[in-house]
Amino acid sequence: MERKNAITMKGNPLTLLGESIKVGQEAKNFKALDQGLKEVSLDSFKGKIKLIASVPSLDTPVCDTEIKRFNDEAAKLSKDLVIIFISMDLPFAQKRFCQMNSINKVKTLSDHRDADFGMKYGVLIKELRLLARALFIIDRSDIIRYVQLVPELSSPPDYDATIVELKKITA
């Protein structure tokens, strides 16, 4: 499924592939690679609250700020919360980035091989084969509780709204 003009990059329209995710639906299982090239799925985090942030690339200023902010802030909320950043970056680049920036409370996953997450969560950008900037909060029962698709790829997400939602779910 194609969603034309779903987001923009510097004002230019982009097409997203896959169906858009809605609050209340069951989270779709997906496969991606961790920093050690091991396949990981949503099922790997059963029973946890999950904040999944899809981003174009960790090596961009907005993504850099986003992962650092969630590493510092959201990680303090609950030990039942796992924060996952997923991008098309290669696992080696994600590992290097996390080591260089002391990112140790956030897990990074790479969708570069199959774009499985991107297609199942409707955030694969057709023109760039990158992931759109989006946030998904998934509860312990794997139900989608919050979705934020950032309309402009180069803009940051609404951190405050996301933290408020996380606090409601982790309370």
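General observations
- Test: residue in region 52-75 that is among the hydrophobic types (A, V, I, L, M, F, W, C), in contact with a Ser or Thr (Cβ under 8 Å, 6 or more places away or on another chain) and modelled with pLDDT of 95 or more: yes
- Residues in region 114-171 that are of a type in the set (Ser, Thr, Tyr) and within 24 Å of Pro61 (Cβ to Cβ) were compared, and the one that is modelled with the highest pLDDT is Tyr121.
- Residue within region 46-65 that is exposed (fewer than 13 other Cβ atoms within 10 Å of the Cβ) and more than 20 Å from Asp158 (Cβ to Cβ) present: yes
- Residue within region 36-44 that is of a type in the set (Gly, Ala, Ser), buried (at least 20 other Cβ atoms within 10 Å of the Cβ) and assigned to a strand (DSSP E or B) present: no
- Yes/no for Glu66 being among the acidic types (Asp, Glu) and more than 21 Å from Ala27 (Cα to Cα): yes
The values are calculated or read from the model by the stated rules, or taken from the named source; none is laboratory data. Just so you know, these numbers come straight off a predicted model, no measurement behind them. Glycine gets a Cβ as well: all are built from the backbone with ideal geometry, and neighbour counts include every protein chain shown.
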